[in-house]
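Trainee: Here you go, one structure.
The values are calculated or read from the model by the stated rules, or taken from the named source; none is laboratory data. Given the structure is predicted, the values throughout are model-derived calculations rather than measurements. A quick note on method: Cβ atoms are made from the backbone with ideal geometry, for glycine too, and the neighbour counts reach across all protein chains shown. All accessible areas refer to the heavy atoms of the entire protein, side chains included, with ligands and DNA or RNA removed. Shrake-Rupley method; radii C 1.70, N 1.55, O 1.52, S 1.80 Å.
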Amino acid sequence: MKRKLLLFIFFLATLSLSFGQEGLLPFRDSAALIQELKLQEEIPSFSYKFFIPKVSKNSKIPGDSTFLWVETDTAFISKAFKNGTLIDSLYEPLKGDSASILFFVYEEKTNINGLRSYLETMYATGDFVLAEDKEQPENDILLVASSNNYQPLDAYKNRLLGDFKLLAVTLIILFFIFSAASMIIFMLIFKTQRNQREENIKNYEQEIIGPLTNLLFEKDLEEISQMSNEEISDIFPKSLFKKRLFKQVLIERIIGLNKKMKGEFKDKLKTLYKRLGLVELTKANLKDSRWDKISAGLVQVNEMDLGELINEVKSFTNSKNFYVRSLAGATLLNLSEKVDLSFLKDQDYPLSDWQQMNYLRIIKFVGSSKFLNIPILLKSKNQSVREFAIKLVRMLGRVDLIAELHMINEASTDDEKIELINTYDALGAHMEVEFINNCMLSTNPDLKKIAVKAAGNLGNSYSEVILMDILVQTIDFRLRRACLTSLSKLNTETFEKFVSTQPLPENQALKAQIQDPLLSNV
Amino acid sequence: MYNFLFYFLIELVGLFYLILSFSVIVIYFIIMILSALEMRDYRRKNRFADYEDIITSPIAPGVSILAPAYNEGSNIVQNVKSLLSLHYGKFEVIIINDGSKDDTLTKLLDAFELQKVSYAYNSEIITQEVKGVYKSQNKSYRRLTVIDKANGGKADALNAGINISQMEILACIDVDCILANDSLTRMVRPFMEETNRKVIAVGGAIGIANNCDVQDGTVTKYRVPQSTLGQFQVIEYCRAFLMGRMAWTRINGLMLISGAFGFFRRDLVLKVGGYFPKTVGEDMELVVRMRRYMEEKKIPYKVSFIPDPLCWTEVPEDVEVLGRQRNRWMRGTIETLQLHRKIGLNPKFGILGTISYPFWSVFEKMAPIIEIFGLIYTLILLIIGDFSAIYFLALLFMIYLLSLLVSSFSILYEQISYNNYKNKSDLKKLIWIILIEPLYIHPKVLLWGLKGHLDFIIGKGGWGQMIRTGFKTAEERKTIEAQAEKSL
């Protein structure tokens, strides 16, 4: 196949050669060709030489700088000339010496036919143009133009700017190099600054700890409050006290000590905080536009009991920022004389578990010393606040508020009902059994499960009936397990009877699990 | 005509690669900016978080730690003890022995005084046969439950754990991971904070424990691994966790939570049917399925990420093992994307469908294919003589610089945020790896990715075996180093 293909290609090649025999140049004979040569200034790879045969072996020819004759055994041969227009003028002085012309193509001697063939090839490729055509370019300007490749102003153009893709890549490389350099510089500056800052903090802490300890242990609260401004300003070096970082370290140190210490020491620290004028920094923080600065200010108000800033704190309780409103709430709970929880009742945003956890900790702490108006929260329009109120009753063990909870039993949502049942269960509110029984019949699987679980502790004989009904109807394994567990808690006999009358392998397995002491918590 | 078509095609492919290169650059710059913003916010928020409350608060959710174990006999007891000592109030540890062929179960039974209990196991999610459930008679280990089951793979083992878990949050981890004492408190926080959207899952950053000192289940001294491949993975993990996942979290587009350390809402995991055991990318597949469920139900949700180094694991330093791991990751990615191709470019699925899925499809799944075709394209250009050396070198240099920039940025992140690798020689080693990675390690990663594609096509599966040397305590390390010095 390959062979056939090669033969075919060869055939085509020979065909094209045979059809290309016809002469292309308009020269009738060799004289016309010579005439054309005399009109050409230069033909690529073409040259000619003059030849004078020797008359005798000792014949000489005078030295000539134009021809630069070279002597051979039989003749004298001139140097090679390229310019055809000089043929006549060069030949004129040599006529008497019976000189003739030799043609060379690629420095190889050729005859007139060889030269014709060469010129035809050159003519076909456009490398040889007839003198006649050259003389009249204005008549065939389009022809001339089309014979040349169009390269507009390429010679004057910068390649980088001409190639937009390469330009884009180069710009990006430069940008990367700039970015990388900036990043390394930033990294170095950042590291240096951080190291410097850490070093400063360490030094400032050393400067702070001595005078602060002396004050706390050597002076009592009254002495600190009665210290003059001059005495106060002499506690720390004045040059350092002007620095913001020093004050920040001082605040952190005082807050840190305040968290660890108790009794009079706490009061001393709080008095000192105010006497040192650090409250101004706290105020500035609260006025800042950055949420983290405001949060830092709120932490300072909270930790140092800055009651005078309570109005500023109140303005943040409904802040858009989660951290700001959480900290504002926590601060209000801590500082308000009367913890009426009204700010919580009016919360627009839902309370997250995180906020509830923080508030619960504070409420537990202040609950013993301050009045807590939990029922007000049950009237909030915000469901998450109402749920939190129910949790508070449970977690603070406020049995006295069960009646308040009872009032919202029916009006509450399913999520609130879940909290209510958990609370009744935790507080042992047997009087709410009817509510629990109703919830066991709910279509909400989560509410149903919680009610079933609570029925184990608070249920009655009707609860047993409901539990058995659920067991017959449901295929939900977890619910069945909860039902059987509750049934076994409520009435062992009923439980045993039920399992024996319903001898499904699943019931037997659940019975074994319920009765396994190692699985009592599962 | 054909000639014209050929050159037209060549031009078209060239344009495709040019657009792709610029897209890569733009995307990585966006990732760098987004991750920087997220990291800044995270660190600011962290200043005001008091984690001590969570440990004892009754409001904090309970956590079920699920740790599948397969032939982990050498370290299982130490690892479980470490898990049981985590600082958290309400949690249980469920170890699932996934048909180990070694003495994993025996060691657990002996060390924790375990006894088979009459647990009524229910396959809420269908799993391989559960042979027994064990609880300890010793009250100190009351939080521990061990499940012994027939081998079914990691996803199947986790499903068995989910079936018996009791708490609201599932912490799915690798049993050989070292968890920081405060890992649960920190990972639980996003679940508790969010109010407007439901946090369905939280991912955690994973640190590389090779060559680090471990004392009582905590990393006490950080060092970069000794091998080049280990060091490369440090950079890779920084890039993935501190940059990539932080950026995706910023736009709520996170599609992958590492199987070694991920937290999920249990009720939702059950609703979507648990892990899919037929894929090797079960971690990614679960997150995508959960997200898809939330999008379909039109419930506002969020997938969070915690960048703190709370979990440490030993990474493979052997070329073959690492190759197998990467092969598996690639297959997992392909399988997940294939399974959920419905969401691709579908605006109904929000950011998941319009941004995350296409990104993963092009820049993760197709990356090795695109790269290898780029190489072939360059060869074709060379053969037909249409190859511009200056253009080629400029593009190559540009991509190399991008790689350098991104990797240095991730190390800068680590230094600014955590500064775990304090030793200057460690930093120098990492910088050296950054310089050689594109030339020395990336071609290997490319080949592993291609192998993953090939194995996916021919249906070759499996996990391969991870060879572990085990974590070293500071004392053990000293002994090993002393022995090494002697032998020298």
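Trainee: Would you mind telling me which numbered condition in (1) modelled with pLDDT under 90; (2) within 24 Å of A:Ile408 (Cα to Cα) A:Lys345 fails?
Mentor: (1)
Trainee: From A:Ala181, A:Ala131, grab the single residue that is open to solvent by less than 80 Å² (accessible area, probe 1.4 Å), modelled with pLDDT under 80 and under 30 Å from B:Ser407 (Cβ atoms).
Mentor: Details: A:Ala131 fails: under 30 Å from B:Ser407 (Cβ atoms).
Within the list A:Ala181, A:Ala131, the selection yields A:Ala181.
Trainee: With the condition kept exactly as written, say whether any residue in region B:377-387 is open to solvent by 70 Å² or more (accessible area, probe 1.4 Å), assigned to a helix (DSSP H, G or I) and farther than 16 Å from B:Tyr17 by Cβ.
Mentor: Yes; the residues of region B:377-387 include at least one that is open to solvent by 70 Å² or more (accessible area, probe 1.4 Å), assigned to a helix (DSSP H, G or I) and farther than 16 Å from B:Tyr17 by Cβ.
Trainee: From the list A:Ser461, A:Ser520, which one is away from chain B (no Cβ under 12 Å) and either polar (S, T, N, Q) or free of Cβ contacts under 8 Å to residues at least 24 places away in the same chain (or both)? Walk me through how you get there before you give the answer.
Mentor: Details: A:Ser520 fails: away from chain B (no Cβ under 12 Å).
On inspection, the qualifying residue turns out to be A:Ser461.
Trainee: Tell me yes or no: at least one residue of region B:92-115 is under 24 Å from the mean Cα position of the chain (by Cα), crowded, with 16+ Cβ neighbours inside 10 Å, within 14 Å of chain A (Cβ to nearest Cβ) and assigned to a loop (DSSP other than H, G, I, E, B).
Mentor: No, the conditions are met nowhere in region B:92-115.
Trainee: While we're looking at this one, here's another question. For region A:249-352, give me every one of the helices (runs of 4 or more DSSP H) that falls completely inside it and has 2 or more residues that are within 14 Å of another protein chain (Cβ to nearest Cβ).
Mentor: Working: elements: A:264-275, A:278-287, A:291-303, A:310-314, A:322-335, A:342-345.
Filter on region A:249-352 gives A:291-303, A:322-335.
Trainee: Hey, among the residues in region B:27-36 that are out of contact with any helix residue (DSSP H, G or I) (no Cβ under 6 Å at 6 or more places or on another chain) and open to solvent by less than 70 Å² (accessible area, probe 1.4 Å), which one's farthest from the other protein chains (Cβ to nearest Cβ)?
Mentor: Quick first cut of region B:27-36, residues out of contact with any helix residue (DSSP H, G or I) (no Cβ under 6 Å at 6 or more places or on another chain) only: B:27, B:29-30, B:33, B:36.
Within this subset, residues satisfying the condition of being open to solvent by less than 70 Å² (accessible area, probe 1.4 Å) are B:27, B:29, B:36.
Details: B:Ile27: 14, B:Phe29: 9, B:Ala36: 11 Å.
That would be B:Ile27.
Trainee: Kindly indicate whether A:Asn373 is modelled with pLDDT of 95 or more and either under 30 Å from A:Ile436 (Cα atoms) or not in a helix (DSSP H, G or I) (or both).
Mentor: On the way: modelled with pLDDT of 95 or more: no; either under 30 Å from A:Ile436 (Cα atoms) or not in a helix (DSSP H, G or I) (or both): yes.
Spelling it out, it is not the case that A:Asn373 is modelled with pLDDT of 95 or more and either under 30 Å from A:Ile436 (Cα atoms) or not in a helix (DSSP H, G or I) (or both).
Trainee: For region B:153-197, what are the residues that are more than 27 Å from A:Gln347 (Cβ to Cβ), out of contact with any Cys (no Cβ under 8 Å at 6 or more places or on another chain) and among the polar types (S, T, N, Q)?
Mentor: Once the filter is applied, which keeps residues that are more than 27 Å from A:Gln347 (Cβ to Cβ), out of contact with any Cys (no Cβ under 8 Å at 6 or more places or on another chain) and among the polar types (S, T, N, Q), region B:153-197 yields B:Asn159, B:Asn163, B:Ser165, B:Gln166, B:Asn181.
Trainee: So if I check each of A:Leu427, A:Leu479, A:Leu420, which one is open to solvent by less than 70 Å² (accessible area, probe 1.4 Å), free of Cβ contacts under 8 Å to residues at least 40 places away in the same chain and farther than 26 Å from A:Val393 by Cα?
Mentor: Working: A:Leu427 fails: farther than 26 Å from A:Val393 by Cα; A:Leu420 fails: farther than 26 Å from A:Val393 by Cα.
Exactly one of A:Leu427, A:Leu479, A:Leu420 is open to solvent by less than 70 Å² (accessible area, probe 1.4 Å), free of Cβ contacts under 8 Å to residues at least 40 places away in the same chain and farther than 26 Å from A:Val393 by Cα, namely A:Leu479.
Trainee: Are any residues in region A:369-392 open to solvent by 10 Å² or more (accessible area, probe 1.4 Å) and hydroxyl-bearing (Ser, Thr, Tyr), and if so, which ones?
Mentor: A:Ser369, A:Ser384
Trainee: Just one of B:Ile65, B:Ile54 is of a type in the set (A, V, I, L, M) and modelled with pLDDT of 95 or more; which is it?
Mentor: Numbers: B:Ile54 fails: modelled with pLDDT of 95 or more.
Just one listed residue meets the conditions, B:Ile65.
Trainee: Which of the residues belonging to region A:285-316 are open to solvent by 50 Å² or more (accessible area, probe 1.4 Å) and within 25 Å of A:Ser228 (Cβ to Cβ)?
Mentor: Across region A:285-316, the qualifying residues are A:Asp305, A:Glu308.
Trainee: State all residues of region B:401-431 that are over 22 Å from the mean Cα position of the chain (by Cα), more than 9 Å from every other protein chain (Cβ to nearest Cβ) and without any contact (Cβ under 8 Å) to a residue 40 or more places away in the chain; if no residue qualifies, say none.
Mentor: B:Lys424, B:Ser425, B:Leu427, B:Lys428, B:Ile431
Trainee: Moving on to the next point. Restricting the search to region B:37-57, which residues are open to solvent by less than 40 Å² (accessible area, probe 1.4 Å) and in a helix (DSSP H, G or I)? First the steps, then the outcome.
Mentor: Filtering region B:37-57 for residues open to solvent by less than 40 Å² (accessible area, probe 1.4 Å) gives B:38-39, B:41-42, B:46, B:48-49, B:51, B:53-54, B:57.
Listed by number, the residues that qualify are B:Glu38, B:Met39, B:Asp41, B:Tyr42, B:Asn46, B:Asp53, B:Ile54.
Trainee: I've got another one for you. Do you know which residues across region B:346-400 are under 19 Å from B:Ile25 (Cβ atoms), without any contact (Cβ under 8 Å) to a residue 24 or more places away in the chain and within 14 Å of chain A (Cβ to nearest Cβ)?
Mentor: B:Tyr391, B:Phe392, B:Leu393, B:Ala394, B:Leu396, B:Phe397
Trainee: Inspect region A:484-507 for any residue being aromatic (Phe, Trp, Tyr), in the same structural domain as A:Ala426 (by TED's automatic domain parsing) and over 26 Å from A:Ala426 (Cβ atoms) and give the result as yes or no.
Mentor: Scanning region A:484-507, I find at least one residue that is aromatic (Phe, Trp, Tyr), in the same structural domain as A:Ala426 (by TED's automatic domain parsing) and over 26 Å from A:Ala426 (Cβ atoms), so the answer is yes.
Trainee: Does A:Lys60 satisfy the condition of being in contact with an Asp or Glu (Cβ under 6 Å, 6 or more places away or on another chain), modelled with pLDDT of 70 or more and in the same structural domain as A:Glu107 (by TED's automatic domain parsing)? Talk me through it step by step, then tell me what you get.
Mentor: Numbers: in contact with an Asp or Glu (Cβ under 6 Å, 6 or more places away or on another chain): no; modelled with pLDDT of 70 or more: yes; in the same structural domain as A:Glu107 (by TED's automatic domain parsing): yes.
No; evaluated as a whole, the condition is false for this residue.
Trainee: Within region A:484-512, restricting attention to residues that are open to solvent by less than 20 Å² (accessible area, probe 1.4 Å) and away from chain B (no Cβ under 14 Å), which residue is nearest to the chain's Cα centre (by Cα)? Quick ask: steps written out before the conclusion?
Mentor: Step one: filter region A:484-512 for residues open to solvent by less than 20 Å² (accessible area, probe 1.4 Å), giving A:484, A:486-487, A:495, A:498-499, A:507, A:510.
Filter once more, keeping what is away from chain B (no Cβ under 14 Å): A:486-487, A:495, A:498.
Numbers: A:Ser486: 52, A:Leu487: 55, A:Phe495: 59, A:Phe498: 61 Å.
Restricting to residues being open to solvent by less than 20 Å² (accessible area, probe 1.4 Å) and away from chain B (no Cβ under 14 Å), the top hit is A:Ser486.
Trainee: In this structure, does B:Val133 turn out to be free of Cβ contacts under 8 Å to residues at least 40 places away in the same chain and either within 14 Å of chain A (Cβ to nearest Cβ) or in contact with a Ser or Thr (Cβ under 7 Å, 6 or more places away or on another chain) (or both)? Before you say what the answer is, go through the steps one by one.
Mentor: Details: free of Cβ contacts under 8 Å to residues at least 40 places away in the same chain: yes; either within 14 Å of chain A (Cβ to nearest Cβ) or in contact with a Ser or Thr (Cβ under 7 Å, 6 or more places away or on another chain) (or both): yes.
Yes, satisfied.
Trainee: Restricting to region A:274-291, count the residues that are over 24 Å from A:Glu337 (Cβ atoms) and either among the aliphatic types (A, V, I, L, M) or in contact with an Asp or Glu (Cβ under 9 Å, 6 or more places away or on another chain) (or both).
Mentor: 4
Trainee: Is there a residue in region A:405-415 that is polar (S, T, N, Q) and open to solvent by 40 Å² or more (accessible area, probe 1.4 Å)? Working first, answer last.
Mentor: Our first condition is that a residue be polar (S, T, N, Q); within region A:405-415, this holds for A:409, A:412-413.
Filter once more, so that each one left must be open to solvent by 40 Å² or more (accessible area, probe 1.4 Å): A:413.
Among the residues of region A:405-415, at least one is polar (S, T, N, Q) and open to solvent by 40 Å² or more (accessible area, probe 1.4 Å), which makes the answer yes.
Trainee: Kindly evaluate B:Glu414 against the criterion of being modelled with pLDDT under 95, assigned to a helix (DSSP H, G or I) and buried (at least 17 other Cβ atoms within 10 Å of the Cβ). Full working, then the answer.
Mentor: Numbers: modelled with pLDDT under 95: yes; assigned to a helix (DSSP H, G or I): yes; buried (at least 17 other Cβ atoms within 10 Å of the Cβ): yes.
In short, yes.
Trainee: Sticking with this one: For the structure I just gave you, tell me whether A:Asp516 is out of contact with any helix residue (DSSP H, G or I) (no Cβ under 8 Å at 6 or more places or on another chain) and not hydrophobic (A, V, I, L, M, F, W, C). Quick ask: steps written out before the conclusion?
Mentor: On the way: out of contact with any helix residue (DSSP H, G or I) (no Cβ under 8 Å at 6 or more places or on another chain): yes; not hydrophobic (A, V, I, L, M, F, W, C): yes.
Considered against the rule, which asks whether it is out of contact with any helix residue (DSSP H, G or I) (no Cβ under 8 Å at 6 or more places or on another chain) and not hydrophobic (A, V, I, L, M, F, W, C), A:Asp516 comes out as yes.
Trainee: In the list B:Val63, B:Val80, B:Val13, B:Val24, which residue meets the criterion of being over 30 Å from B:Leu242 (Cβ atoms) and either away from every other protein chain (no Cβ under 11 Å) or open to solvent by less than 40 Å² (accessible area, probe 1.4 Å) (or both)? Reasoning before the result, please.
Mentor: Numbers: B:Val63 fails: over 30 Å from B:Leu242 (Cβ atoms); B:Val80 fails: over 30 Å from B:Leu242 (Cβ atoms); B:Val24 fails: over 30 Å from B:Leu242 (Cβ atoms).
Just one listed residue meets the conditions, B:Val13.
Trainee: Out of all the residues in region B:136-154, is one or more among the small types (Gly, Ala, Ser), surrounded by fewer than 23 Cβ atoms within 10 Å (Cβ to Cβ) and within 12 Å of chain A (Cβ to nearest Cβ)?
Mentor: Yes; the residues of region B:136-154 include at least one that is among the small types (Gly, Ala, Ser), surrounded by fewer than 23 Cβ atoms within 10 Å (Cβ to Cβ) and within 12 Å of chain A (Cβ to nearest Cβ).
Trainee: Right, next: Take A:Met395 and decide whether it is open to solvent by 30 Å² or more (accessible area, probe 1.4 Å), without any contact (Cβ under 8 Å) to a residue 40 or more places away in the chain and within 11 Å of another protein chain (Cβ to nearest Cβ). Talk me through it step by step, then tell me what you get.
Mentor: Details: open to solvent by 30 Å² or more (accessible area, probe 1.4 Å): yes; without any contact (Cβ under 8 Å) to a residue 40 or more places away in the chain: yes; within 11 Å of another protein chain (Cβ to nearest Cβ): yes.
Here the answer is yes, as A:Met395 does meet what is asked.
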